[in-house]
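Beneath this line is the structure, given in structure tokens, with notes to follow.
Each reported figure results from applying straightforward, stated rules to the coordinates on display, with no laboratory input. What you see is a predicted model, and the numbers here were worked out from it, not measured in a lab. Note that each Cβ is placed from the backbone with ideal geometry, even for glycine, and that neighbours are counted across all protein chains shown.
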Amino acid sequence: MAKRDYYEVLGVGKTASDDEIKKAFRRKAVEHHPDKTGGNDTAFKEINEAYEVLKDQQKRQRYDQFGHAGVGSSAASDGGNPFAGFSGFEGFGGQDMHFDFGDILGSFFGGGAGGGRKDARGNDVETAIELSFEEAIFGIERDLKITLEDTCSHCKGTTAEPGHELKTCSTCGGSGQVVQQMQTIFGNIQQAAVCKDCKGSGKVPEMICSVCHGKGTQRRAQEIKLKVPAGIDDGTTVRLSGRGEAIANGPKGDLYVHIRVKAHKKFTREGQLILSAEHIDMVDAALGTEIKVETVDGPVVMKIPSGTQSGTDFKLSGHGVPHIKTGQRGAHIVTVVVDTPTKLSKDQKELLEKFKNSGGKKGFFGL
């Protein structure tokens, strides 16, 4: 089933301002929230998906230019990775993804970029974790279990058997490069390529490591502790420097952890704000009341003044999302929805008619 236009989903035009998009999202979210009688979970998810794209200027620009293809599942998950969709770059799916841009350039130009050492550093690695709404609000520490190329424990990444030295590579004379001649339609072309024997380092072991056989690395499972800060948002990527894959005689790559936050059945998030809706009957709206409101900190009693109109927002300060740097928390915005009864007894109708008539030309609440 084809996706609907995001602007159509929110009921706004393509020239709508950020404020208009925000207001449309709140109105639609309250209207279709699954906890509301007659709410629609599918429509609610569609509204959230549309808002996540249109509230972000970069995503909105890509959507305006390319439509859903510009912000599809691969584009959303990889932050606009230009290699998304190609073999080996399909996304995460709970699996670790390894990539080496030197390999990509080499496939086009027949060698390492610029003829220098291809493996200047280890491969970067990507993985993804899923958090609950509350875990994202308050932060959590997670153990990541990842299998990757790590430094050989026997030779410590030197590729040489312990007790033996590294010597100058006889193939490239220690330069790390070899010159190749290629015959093309433009004539003979000389190209500097990475030396295959020393992998560009200019050194080879006197005796190859008996454990890694000169590779300098071993594939092993690792457990890495990740401290997720309070207030992290869906789609955020955390970079762990030097926790990616290892190479011989070089630094490790980085580990990129992509954060996915599950939707909450009652709350939605807008920056540091948490949004929810509470339903009251029209008598309580007219006379005023106190209601118990669910927040991420537990239930809070909120006072509803007399004469409250449907759609009125109430602010619960300090119950929202912490700022990821300062820790200062935003607010929880509660939208009050006044429910109008659809079935009335004869006596109830007579009482309402009598109350209505007693107000003269004024409205039902005397306004």
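In a DSSP loop and with at most 14 other Cβ atoms within 10 Å, the trypsin sites (Lys or Arg not before Pro) in the stretch 137-231 are 156, 196. Using a cutoff of 8 angstrom between alpha carbon atoms and counting only pairs six or more residues apart, the relative contact order for the stretch 296-349 works out to 32 percent.
Going down the table (22/59; 266/343; 22/325; 227/325; 145/265), which pairs top 22 Å between alpha carbons? Pairs exceeding the cut-off: 266/343; 22/325; 145/265. Scanning residues 5 or more positions from residue 167 or on other chains, those with amide H under 5 Å from its amide H are 204, 206, with H placed 1.01 Å from N in the peptide plane.
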